[in-house]
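For reference, the structure is listed below as C-alpha coordinates.
The values are calculated or read from the model by the stated rules, or taken from the named source; none is laboratory data. Because the structure is a prediction, the values reported are computed rather than measured. All Cβ positions, glycine included, derive from the backbone under ideal geometry; neighbour counts span all protein chains shown.
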Amino acid sequence: MRILIGPSKYVVTLGPSGVLRDAYLLVEDGKIAYVGRERPKGDVDLRLEARRHVVLPGFIQTHVHLIQTSMRNMADDLSLLDWLRLRIMPAEGRIGEEAAYWASLAGALELLKGGTTTIFDFGAVRNLEGILRAAWDAGIRAFVGKMFMDNPEFSPEELVQDTRDGIRELDSLMSRWHGRGGRIWLAATPRFALSSTEESLREVLRAARERGLLIQTHASENRREVELVRKRTGMWNVEYLMSLGYKGHDVSLVHCIHLQEGEYQMLSTTGTHVVHCPSANLKLASGVARVWRMLKMGINVSIGADGPPCNNNLDALREMRLASLLQKVVESDPTALPATEALRMGTVRGARMLNQEATLGTLEVGKEADIVVISVKGVATAPFTDHVDPVAAVIYSATSADVEHVLVAGVPRVLGGRLVGVDEGEVSRRAAEAVEDLHGSLS
(Lines give C-alpha, C1' and ligand atoms only; values in the text may rest on other atoms or scores of the structure.)
Protein backbone atom coordinates (compact mmCIF):
# COMPACT_ATOMS: atom_id res chain seq x y z
CA MET A 1 0.00 0.00 0.00
CA ARG A 2 1.31 3.44 -0.99
CA ILE A 3 0.23 6.27 1.33
CA LEU A 4 1.14 9.95 1.00
CA ILE A 5 0.90 12.25 4.02
CA GLY A 6 1.12 15.92 3.19
CA PRO A 7 1.78 18.58 2.56
CA SER A 8 2.07 18.81 6.34
CA LYS A 9 2.42 21.96 8.39
CA TYR A 10 5.28 20.25 10.22
CA VAL A 11 6.95 16.85 10.15
CA VAL A 12 8.84 16.25 13.41
CA THR A 13 11.27 13.50 12.46
CA LEU A 14 13.31 13.34 15.69
CA GLY A 15 16.09 12.20 13.36
CA PRO A 16 18.87 14.01 11.46
CA SER A 17 16.34 15.96 9.37
CA GLY A 18 14.94 17.62 12.47
CA VAL A 19 11.66 19.49 12.01
CA LEU A 20 10.51 19.98 8.41
CA ARG A 21 7.93 22.52 7.39
CA ASP A 22 5.53 22.08 4.46
CA ALA A 23 6.82 18.54 4.01
CA TYR A 24 5.65 15.19 2.70
CA LEU A 25 6.00 11.67 4.01
CA LEU A 26 5.58 8.65 1.74
CA VAL A 27 4.80 5.15 2.99
CA GLU A 28 5.39 2.08 0.83
CA ASP A 29 4.85 -1.52 1.93
CA GLY A 30 4.76 -0.63 5.59
CA LYS A 31 8.01 1.37 5.58
CA ILE A 32 8.84 5.05 5.35
CA ALA A 33 10.01 5.57 1.76
CA TYR A 34 10.49 9.34 1.68
CA VAL A 35 10.52 12.36 3.99
CA GLY A 36 11.12 15.80 2.47
CA ARG A 37 9.80 19.03 1.02
CA GLU A 38 9.37 17.86 -2.56
CA ARG A 39 6.17 16.01 -3.41
CA PRO A 40 6.96 12.40 -4.42
CA LYS A 41 5.90 11.39 -7.91
CA GLY A 42 3.52 8.59 -8.76
CA ASP A 43 0.07 7.44 -7.81
CA VAL A 44 -0.87 6.57 -4.24
CA ASP A 45 -3.56 4.38 -2.71
CA LEU A 46 -4.36 6.89 0.03
CA ARG A 47 -3.52 10.53 0.58
CA LEU A 48 -3.83 12.15 4.01
CA GLU A 49 -3.94 15.92 3.73
CA ALA A 50 -2.19 17.52 6.71
CA ARG A 51 -1.89 21.26 6.08
CA ARG A 52 -2.88 22.10 9.64
CA HIS A 53 -1.28 19.13 11.33
CA VAL A 54 1.94 17.99 12.98
CA VAL A 55 3.26 14.59 11.86
CA LEU A 56 5.29 12.65 14.42
CA PRO A 57 6.65 9.15 15.09
CA GLY A 58 4.06 6.90 16.69
CA PHE A 59 4.18 7.09 20.47
CA ILE A 60 5.83 4.25 22.38
CA GLN A 61 4.64 3.40 25.88
CA THR A 62 6.97 1.03 27.67
CA HIS A 63 4.79 0.11 30.63
CA VAL A 64 1.07 -0.62 30.48
CA HIS A 65 -1.26 -3.28 31.92
CA LEU A 66 -3.93 -4.05 29.32
CA ILE A 67 -5.60 -6.71 31.46
CA GLN A 68 -6.18 -4.12 34.17
CA THR A 69 -8.56 -2.27 31.87
CA SER A 70 -11.00 -4.74 33.44
CA MET A 71 -10.67 -2.82 36.73
CA ARG A 72 -10.81 0.77 35.49
CA ASN A 73 -12.65 2.92 38.06
CA MET A 74 -12.84 -0.01 40.49
CA ALA A 75 -9.67 0.57 42.53
CA ASP A 76 -9.54 4.26 43.37
CA ASP A 77 -8.07 6.18 46.30
CA LEU A 78 -5.85 3.42 47.67
CA SER A 79 -2.12 3.20 48.38
CA LEU A 80 -0.05 0.83 46.23
CA LEU A 81 0.09 -2.23 48.48
CA ASP A 82 -3.60 -1.99 49.46
CA TRP A 83 -4.48 -1.33 45.81
CA LEU A 84 -2.71 -4.56 44.87
CA ARG A 85 -3.91 -6.65 47.81
CA LEU A 86 -7.56 -5.59 47.89
CA ARG A 87 -8.35 -5.02 44.22
CA ILE A 88 -5.85 -5.74 41.48
CA MET A 89 -4.41 -9.10 42.45
CA PRO A 90 -7.81 -10.61 43.36
CA ALA A 91 -9.19 -9.38 40.03
CA GLU A 92 -6.26 -10.82 38.05
CA GLY A 93 -6.71 -14.13 39.88
CA ARG A 94 -10.41 -14.39 39.04
CA ILE A 95 -10.66 -12.99 35.51
CA GLY A 96 -11.27 -15.46 32.68
CA GLU A 97 -9.64 -15.45 29.25
CA GLU A 98 -12.60 -13.92 27.39
CA ALA A 99 -12.92 -11.10 29.92
CA ALA A 100 -9.16 -10.59 29.67
CA TYR A 101 -9.51 -10.42 25.89
CA TRP A 102 -12.32 -7.85 25.75
CA ALA A 103 -10.85 -5.65 28.47
CA SER A 104 -7.42 -5.76 26.83
CA LEU A 105 -8.89 -5.03 23.40
CA ALA A 106 -10.63 -1.93 24.79
CA GLY A 107 -7.31 -0.80 26.30
CA ALA A 108 -5.35 -1.43 23.10
CA LEU A 109 -7.86 0.51 21.01
CA GLU A 110 -7.75 3.40 23.47
CA LEU A 111 -3.97 3.46 23.07
CA LEU A 112 -4.23 3.59 19.28
CA LYS A 113 -6.78 6.41 19.36
CA GLY A 114 -4.32 8.40 21.45
CA GLY A 115 -1.45 7.91 19.02
CA THR A 116 0.38 5.07 20.77
CA THR A 117 1.58 2.55 18.21
CA THR A 118 3.91 0.37 20.31
CA ILE A 119 3.60 -0.88 23.88
CA PHE A 120 5.40 -2.98 26.41
CA ASP A 121 2.53 -4.67 28.23
CA PHE A 122 3.39 -6.23 31.58
CA GLY A 123 1.06 -9.13 30.84
CA ALA A 124 -0.31 -11.58 33.38
CA VAL A 125 0.36 -14.81 35.25
CA ARG A 126 -2.72 -16.43 33.73
CA ASN A 127 -4.93 -15.76 30.69
CA LEU A 128 -2.02 -14.26 28.79
CA GLU A 129 -3.42 -15.63 25.53
CA GLY A 130 -6.35 -13.22 25.88
CA ILE A 131 -3.97 -10.25 26.01
CA LEU A 132 -1.97 -11.49 23.04
CA ARG A 133 -5.13 -12.02 20.97
CA ALA A 134 -6.33 -8.53 21.85
CA ALA A 135 -3.05 -6.87 20.87
CA TRP A 136 -3.03 -8.76 17.58
CA ASP A 137 -6.65 -7.98 16.74
CA ALA A 138 -6.27 -4.31 17.63
CA GLY A 139 -3.34 -3.92 15.26
CA ILE A 140 -0.95 -2.44 17.80
CA ARG A 141 2.74 -3.36 18.05
CA ALA A 142 3.28 -5.08 21.40
CA PHE A 143 5.86 -6.69 23.64
CA VAL A 144 3.81 -8.72 26.13
CA GLY A 145 5.19 -10.06 29.39
CA LYS A 146 4.76 -13.49 30.92
CA MET A 147 4.35 -12.50 34.55
CA PHE A 148 5.94 -14.56 37.32
CA MET A 149 4.81 -14.73 40.98
CA ASP A 150 5.76 -17.61 43.28
CA ASN A 151 5.89 -16.13 46.79
CA PRO A 152 2.62 -16.90 48.64
CA GLU A 153 3.49 -14.37 51.32
CA PHE A 154 2.89 -11.53 48.85
CA SER A 155 0.78 -13.23 46.17
CA PRO A 156 -2.82 -14.48 46.32
CA GLU A 157 -3.24 -18.24 45.91
CA GLU A 158 -4.80 -17.81 42.44
CA LEU A 159 -1.65 -16.11 41.12
CA VAL A 160 1.03 -18.26 42.73
CA GLN A 161 2.69 -20.33 40.02
CA ASP A 162 5.68 -22.63 40.08
CA THR A 163 8.41 -20.89 38.11
CA ARG A 164 9.20 -23.96 36.02
CA ASP A 165 5.55 -24.23 35.02
CA GLY A 166 5.60 -20.54 34.11
CA ILE A 167 8.66 -21.00 31.91
CA ARG A 168 7.03 -23.93 30.14
CA GLU A 169 3.97 -21.75 29.51
CA LEU A 170 6.25 -19.01 28.18
CA ASP A 171 7.84 -21.46 25.74
CA SER A 172 4.42 -22.61 24.55
CA LEU A 173 3.27 -19.02 23.98
CA MET A 174 6.51 -18.17 22.20
CA SER A 175 6.00 -21.03 19.77
CA ARG A 176 2.69 -19.49 18.67
CA TRP A 177 3.16 -15.75 19.16
CA HIS A 178 6.77 -14.59 19.36
CA GLY A 179 7.53 -12.46 16.31
CA ARG A 180 4.05 -12.95 14.79
CA GLY A 181 3.60 -10.57 11.87
CA GLY A 182 6.62 -8.57 13.00
CA ARG A 183 4.29 -7.04 15.58
CA ILE A 184 4.00 -9.28 18.66
CA TRP A 185 6.79 -10.45 20.96
CA LEU A 186 6.99 -12.09 24.37
CA ALA A 187 8.97 -10.80 27.34
CA ALA A 188 9.65 -11.90 30.93
CA THR A 189 8.08 -9.92 33.78
CA PRO A 190 8.52 -11.00 37.40
CA ARG A 191 6.03 -8.71 39.15
CA PHE A 192 8.27 -7.18 41.83
CA ALA A 193 10.85 -8.24 44.36
CA LEU A 194 8.32 -9.13 47.08
CA SER A 195 6.08 -11.37 44.97
CA SER A 196 8.92 -13.66 43.86
CA THR A 197 11.41 -15.74 45.78
CA GLU A 198 15.08 -15.14 45.13
CA GLU A 199 15.32 -18.53 43.45
CA SER A 200 12.49 -17.62 41.08
CA LEU A 201 13.97 -14.23 40.24
CA ARG A 202 17.27 -15.90 39.31
CA GLU A 203 15.58 -18.62 37.27
CA VAL A 204 13.37 -16.20 35.32
CA LEU A 205 16.34 -14.01 34.49
CA ARG A 206 18.34 -17.01 33.28
CA ALA A 207 15.46 -18.29 31.15
CA ALA A 208 14.79 -14.88 29.63
CA ARG A 209 18.40 -14.38 28.62
CA GLU A 210 18.66 -17.87 27.16
CA ARG A 211 15.70 -16.98 24.94
CA GLY A 212 16.85 -13.46 24.11
CA LEU A 213 13.85 -11.81 25.75
CA LEU A 214 13.48 -8.38 27.29
CA ILE A 215 13.01 -8.32 31.06
CA GLN A 216 10.96 -5.86 33.09
CA THR A 217 9.95 -5.58 36.74
CA HIS A 218 8.61 -2.95 39.14
CA ALA A 219 11.09 -1.41 41.55
CA SER A 220 11.14 1.23 44.31
CA GLU A 221 7.63 2.48 43.60
CA ASN A 222 6.45 2.80 47.20
CA ARG A 223 8.27 3.56 50.46
CA ARG A 224 6.66 0.62 52.27
CA GLU A 225 7.68 -1.70 49.42
CA VAL A 226 11.30 -0.53 49.75
CA GLU A 227 11.21 -1.04 53.53
CA LEU A 228 9.89 -4.58 53.15
CA VAL A 229 12.55 -5.48 50.56
CA ARG A 230 15.26 -4.13 52.85
CA LYS A 231 13.86 -6.05 55.82
CA ARG A 232 13.79 -9.28 53.80
CA THR A 233 17.11 -8.95 51.98
CA GLY A 234 19.18 -6.37 53.86
CA MET A 235 19.46 -4.38 50.62
CA TRP A 236 17.67 -1.52 48.94
CA ASN A 237 15.24 -2.49 46.18
CA VAL A 238 17.26 -1.69 43.06
CA GLU A 239 20.44 -2.78 44.81
CA TYR A 240 18.86 -6.17 45.53
CA LEU A 241 17.60 -6.70 41.99
CA MET A 242 20.98 -5.79 40.55
CA SER A 243 22.71 -8.20 42.93
CA LEU A 244 20.67 -10.94 41.25
CA GLY A 245 21.63 -9.77 37.77
CA TYR A 246 18.70 -7.48 36.89
CA LYS A 247 20.80 -4.92 35.10
CA GLY A 248 21.92 -4.09 31.60
CA HIS A 249 20.43 -3.14 28.26
CA ASP A 250 17.85 -5.95 28.28
CA VAL A 251 16.38 -4.89 31.65
CA SER A 252 13.91 -2.11 32.45
CA LEU A 253 12.91 -1.15 35.98
CA VAL A 254 9.57 0.58 36.32
CA HIS A 255 9.11 3.62 38.63
CA CYS A 256 12.44 3.95 40.52
CA ILE A 257 11.08 6.70 42.77
CA HIS A 258 12.69 5.96 46.13
CA LEU A 259 16.35 5.46 45.27
CA GLN A 260 19.53 5.74 47.28
CA GLU A 261 22.45 7.69 45.84
CA GLY A 262 24.32 4.53 44.98
CA GLU A 263 21.35 3.14 43.08
CA TYR A 264 21.35 6.09 40.68
CA GLN A 265 24.98 5.31 39.96
CA MET A 266 24.20 1.62 39.44
CA LEU A 267 21.52 2.46 36.88
CA SER A 268 23.87 4.80 35.06
CA THR A 269 26.92 2.54 34.93
CA THR A 270 25.03 -0.64 33.95
CA GLY A 271 22.92 0.85 31.15
CA THR A 272 19.72 -0.37 32.83
CA HIS A 273 16.55 1.33 31.57
CA VAL A 274 13.97 3.12 33.73
CA VAL A 275 10.28 3.59 32.92
CA HIS A 276 8.44 6.62 34.31
CA CYS A 277 4.67 6.51 34.98
CA PRO A 278 3.82 9.97 36.31
CA SER A 279 0.01 9.77 36.53
CA ALA A 280 0.02 6.42 38.34
CA ASN A 281 2.71 7.62 40.74
CA LEU A 282 0.59 10.63 41.66
CA LYS A 283 -2.73 8.78 41.96
CA LEU A 284 -1.25 6.14 44.27
CA ALA A 285 0.69 8.86 46.16
CA SER A 286 3.86 6.90 45.51
CA GLY A 287 6.01 9.97 44.84
CA VAL A 288 7.80 11.55 41.90
CA ALA A 289 10.84 10.01 40.24
CA ARG A 290 13.88 12.24 39.64
CA VAL A 291 13.65 11.80 35.89
CA TRP A 292 15.57 14.91 34.87
CA ARG A 293 18.41 13.93 37.15
CA MET A 294 18.47 10.41 35.68
CA LEU A 295 18.52 11.70 32.12
CA LYS A 296 21.42 14.02 32.90
CA MET A 297 23.27 11.00 34.36
CA GLY A 298 22.88 9.18 31.06
CA ILE A 299 20.11 6.82 32.23
CA ASN A 300 17.61 6.02 29.49
CA VAL A 301 14.12 6.87 30.79
CA SER A 302 11.02 6.11 28.74
CA ILE A 303 7.36 6.55 29.63
CA GLY A 304 4.16 4.59 30.22
CA ALA A 305 0.63 5.19 31.44
CA ASP A 306 0.75 2.07 33.67
CA GLY A 307 -2.69 0.56 34.33
CA PRO A 308 -6.19 1.99 33.84
CA PRO A 309 -7.08 1.45 37.54
CA CYS A 310 -4.22 3.70 38.72
CA ASN A 311 -4.31 6.40 36.06
CA ASN A 312 -7.23 6.04 34.86
CA ASN A 313 -6.47 6.35 31.14
CA LEU A 314 -3.79 5.34 28.66
CA ASP A 315 -3.14 8.73 27.02
CA ALA A 316 0.51 9.19 25.98
CA LEU A 317 0.14 12.94 25.50
CA ARG A 318 -1.06 13.38 29.08
CA GLU A 319 1.86 11.36 30.39
CA MET A 320 4.48 13.30 28.44
CA ARG A 321 3.00 16.64 29.50
CA LEU A 322 2.78 15.61 33.15
CA ALA A 323 6.30 14.21 33.12
CA SER A 324 7.61 17.57 31.94
CA LEU A 325 5.62 19.65 34.41
CA LEU A 326 6.52 17.50 37.40
CA GLN A 327 10.25 17.75 36.75
CA LYS A 328 10.03 21.53 36.63
CA VAL A 329 8.57 21.49 40.15
CA VAL A 330 10.87 18.77 41.53
CA GLU A 331 13.97 20.55 40.21
CA SER A 332 12.64 24.09 40.88
CA ASP A 333 13.69 24.77 37.30
CA PRO A 334 11.25 25.76 34.52
CA THR A 335 13.77 24.57 31.91
CA ALA A 336 13.88 21.00 33.27
CA LEU A 337 12.60 18.28 30.90
CA PRO A 338 11.57 20.56 28.01
CA ALA A 339 8.93 19.51 25.50
CA THR A 340 11.35 17.91 23.05
CA GLU A 341 12.85 15.73 25.79
CA ALA A 342 9.38 14.69 26.94
CA LEU A 343 8.54 13.71 23.37
CA ARG A 344 11.77 11.73 23.10
CA MET A 345 10.76 9.79 26.23
CA GLY A 346 7.62 8.74 24.40
CA THR A 347 9.36 7.86 21.13
CA VAL A 348 13.14 7.58 20.74
CA ARG A 349 13.85 6.48 24.30
CA GLY A 350 11.05 3.94 24.18
CA ALA A 351 12.52 2.46 21.02
CA ARG A 352 15.91 2.28 22.74
CA MET A 353 14.44 0.44 25.71
CA LEU A 354 12.84 -2.09 23.36
CA ASN A 355 16.07 -2.50 21.39
CA GLN A 356 14.21 -1.21 18.34
CA GLU A 357 16.14 1.98 17.58
CA ALA A 358 16.94 0.74 14.08
CA THR A 359 13.26 0.41 13.19
CA LEU A 360 11.16 2.66 15.47
CA GLY A 361 11.14 6.01 17.25
CA THR A 362 11.96 8.43 14.41
CA LEU A 363 10.63 9.28 10.96
CA GLU A 364 13.46 8.18 8.69
CA VAL A 365 13.58 6.35 5.38
CA GLY A 366 13.60 2.60 5.85
CA LYS A 367 12.02 2.62 9.29
CA GLU A 368 8.64 1.15 10.16
CA ALA A 369 5.78 3.45 9.17
CA ASP A 370 4.43 3.95 12.71
CA ILE A 371 3.07 7.46 12.44
CA VAL A 372 0.72 9.79 14.31
CA VAL A 373 -0.83 12.88 12.72
CA ILE A 374 -2.05 15.50 15.20
CA SER A 375 -4.42 18.30 14.28
CA VAL A 376 -3.56 21.84 15.33
CA LYS A 377 -6.64 23.38 13.76
CA GLY A 378 -8.83 23.26 16.89
CA VAL A 379 -9.25 25.70 19.74
CA ALA A 380 -7.13 23.59 22.12
CA THR A 381 -3.97 24.57 20.20
CA ALA A 382 -5.14 27.96 18.89
CA PRO A 383 -3.68 30.28 17.85
CA PHE A 384 -1.20 28.07 15.98
CA THR A 385 0.89 30.54 13.99
CA ASP A 386 4.17 30.21 12.11
CA HIS A 387 5.95 31.40 15.26
CA VAL A 388 4.74 28.58 17.52
CA ASP A 389 7.06 25.70 18.44
CA PRO A 390 5.19 22.65 17.06
CA VAL A 391 6.67 20.24 19.60
CA ALA A 392 5.72 22.45 22.53
CA ALA A 393 2.23 22.83 21.10
CA VAL A 394 1.82 19.07 20.87
CA ILE A 395 3.23 18.28 24.33
CA TYR A 396 1.70 21.14 26.32
CA SER A 397 -1.57 21.82 24.48
CA ALA A 398 -2.73 18.87 22.37
CA THR A 399 -4.82 16.01 23.74
CA SER A 400 -5.77 12.60 22.43
CA ALA A 401 -8.87 14.25 20.93
CA ASP A 402 -6.51 16.03 18.50
CA VAL A 403 -5.08 12.75 17.16
CA GLU A 404 -6.45 12.52 13.61
CA HIS A 405 -4.59 9.67 11.89
CA VAL A 406 -2.53 6.74 13.19
CA LEU A 407 -0.58 4.20 11.13
CA VAL A 408 1.09 1.04 12.44
CA ALA A 409 3.49 -0.65 10.01
CA GLY A 410 1.89 1.43 7.28
CA VAL A 411 -1.61 0.20 8.05
CA PRO A 412 -4.16 2.93 8.91
CA ARG A 413 -5.58 2.14 12.34
CA VAL A 414 -7.16 5.56 12.98
CA LEU A 415 -8.45 7.87 10.25
CA GLY A 416 -10.19 11.15 10.93
CA GLY A 417 -10.07 10.41 14.65
CA ARG A 418 -12.03 7.18 14.26
CA LEU A 419 -10.84 3.60 14.62
CA VAL A 420 -10.69 1.84 11.27
CA GLY A 421 -12.95 -1.19 10.92
CA VAL A 422 -13.90 -1.21 14.60
CA ASP A 423 -17.28 -0.66 16.25
CA GLU A 424 -16.03 1.15 19.34
CA GLY A 425 -19.40 1.01 21.07
CA GLU A 426 -19.63 -2.74 20.54
CA VAL A 427 -16.18 -3.31 22.04
CA SER A 428 -17.10 -1.17 25.05
CA ARG A 429 -20.35 -3.10 25.51
CA ARG A 430 -18.67 -6.50 25.22
CA ALA A 431 -15.96 -5.47 27.70
CA ALA A 432 -18.57 -4.33 30.24
CA GLU A 433 -20.54 -7.56 29.88
CA ALA A 434 -17.40 -9.66 30.20
CA VAL A 435 -16.30 -8.11 33.51
CA GLU A 436 -19.74 -7.64 35.12
CA ASP A 437 -19.43 -10.73 37.31
CA LEU A 438 -15.84 -9.88 38.20
CA HIS A 439 -16.90 -6.42 39.41
CA GLY A 440 -19.76 -7.94 41.35
CA SER A 441 -17.45 -10.35 43.15
CA LEU A 442 -15.26 -7.47 44.31
CA SER A 443 -17.98 -5.00 45.30
Q: Kindly provide the set of residues from the stretch 406-443 that are within 21 Å of the chain's Cα centre (by Cα) and closer than 20 Å to Gly30 by Cα, ordered by number.
A: Val406, Leu407, Val408, Ala409, Gly410, Val411, Pro412, Arg413, Val414, Leu419
Q.
Considering only the stretch 322-330, I want to know if a residue exists there that is assigned to a loop (DSSP other than H, G, I, E, B) and closer than 27 Å to Lys367 by Cβ.
A. no
Q.
I'd like the residue in the stretch 153-171 that is farther than 19 Å from Met71 by Cα, at pLDDT below 95 and not hydrophobic (A, V, I, L, M, F, W, C) and, out of all such residues, is surrounded by the most Cβ atoms within 10 Å (Cβ to Cβ).
A. Glu153
Q | Condition check for Arg202: among the charged types (D, E, K, R), in the same structural domain as Gly304 (by TED's automatic domain parsing) and in contact (Cβ under 8 Å) with a residue 12 or more places away in the chain | A | yes
Q) Of these, Leu86, Leu111, Leu105, which one is part of a helix (DSSP H, G or I) and modelled with pLDDT under 90? A) Leu86
Q: Only residues that are in contact (Cβ under 8 Å) with a residue 60 or more places away in the chain and not in a loop (DSSP other than H, G, I, E, B): list them for the stretch 332-348, please.
A: Leu343, Arg344, Met345, Val348
Q: Would you check which residues across the stretch 51-88 are touching a Pro at 6+ places or on another chain (Cβ under 7 Å) and without any contact (Cβ under 8 Å) to a residue 60 or more places away in the chain and list them?
A: Arg51
Q | Odd one out for Leu46 among (1) over 27 Å from Ala305 (Cα atoms); (2) hydrophobic (A, V, I, L, M, F, W, C); (3) crowded, with 16+ Cβ neighbours inside 10 Å | A | (3)
(Q) Of the residues Gly440, Gly417, Gly425, only one is surrounded by fewer than 20 Cβ atoms within 10 Å (Cβ to Cβ) and farther than 23 Å from Ser70 by Cα; which? (A) Gly417
Q) So which of Val291, Val329, Val301, Val365 is at pLDDT 95 or above, farther than 25 Å from Leu26 by Cα, surrounded by fewer than 19 Cβ atoms within 10 Å (Cβ to Cβ) and among the hydrophobic types (A, V, I, L, M, F, W, C)? A) Val329
Q | Yes/no for Tyr264 being surrounded by 22 or more Cβ atoms within 10 Å (Cβ to Cβ) and of a type in the set (Phe, Trp, Tyr) | A | no
(Q) Scan the stretch 117-135 and tell me whether some residue there is in the same structural domain as Val348 (by TED's automatic domain parsing), crowded, with 24+ Cβ neighbours inside 10 Å, hydroxyl-bearing (Ser, Thr, Tyr) and touching a residue at least 40 places away in the same chain (Cβ under 8 Å). (A) yes
Q.
What's the number of the only condition in (1) under 23 Å from the mean Cα position of the chain (by Cα); (2) surrounded by 20 or more Cβ atoms within 10 Å (Cβ to Cβ) that Val226 fails to meet?
A. (1)
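Residue-wise test of (1) charged (D, E, K, R); (2) outside any strand (DSSP E or B).
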{"residue": "Pro383", "(1), (2)": "no, yes"}
{"residue": "Asp386", "(1), (2)": "yes, yes"}
{"residue": "Ala393", "(1), (2)": "no, yes"}
{"residue": "Val406", "(1), (2)": "no, no"}
{"residue": "Gly421", "(1), (2)": "no, yes"}
{"residue": "Ala432", "(1), (2)": "no, yes"}
Q.
I need the helices (runs of 4 or more DSSP H) fully contained in the stretch 193-309, keeping only those with at least 1 residues that are farther than 26 Å from Ala91 by Cα.
A. 198-210, 223-233, 237-243, 261-270, 291-296
Q: Say whether the condition of being in a helix (DSSP H, G or I), out of contact with any Phe, Trp or Tyr (no Cβ under 7 Å at 6 or more places or on another chain) and more than 29 Å from Val251 (Cβ to Cβ) is met by at least one residue in the stretch 47-54.
A: no
Q) Which residue pairs have Cβ atoms closer than 9 Å, lie 6 or more positions apart in sequence or on different chains, and pair a first residue in the stretch 247-266 that is more than 19 Å from Phe122 (Cα to Cα) and assigned by TED's automatic domain parsing to the domain that holds Gln216 with a second residue that is among the aromatic types (Phe, Trp, Tyr) and crowded, with 18+ Cβ neighbours inside 10 Å? A) His258/Trp236; Leu259/Trp236; Gln260/Trp236; Gly262/Trp236; Glu263/Trp236
Q. Which ones in the stretch 173-221 are of a type in the set (Gly, Ala, Ser) and within 20 Å of Gly234 (Cβ to Cβ)?
A. Ala193, Ser195, Ser196, Ser200, Ala219, Ser220
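Is it fair to say Arg51 is surrounded by fewer than 22 Cβ atoms within 10 Å (Cβ to Cβ) and either within 21 Å of the chain's Cα centre (by Cα) or closer than 30 Å to Ser443 by Cβ (or both)?
Details: surrounded by fewer than 22 Cβ atoms within 10 Å (Cβ to Cβ): yes; either within 21 Å of the chain's Cα centre (by Cα) or closer than 30 Å to Ser443 by Cβ (or both): no.
No; evaluated as a whole, the condition is false for this residue.
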Q | Exclusive hit being within 15 Å of the chain's Cα centre (by Cα) and under 30 Å from Thr385 (Cβ atoms), set Gly115, Gly107, Gly145, Gly123 | A | Gly115
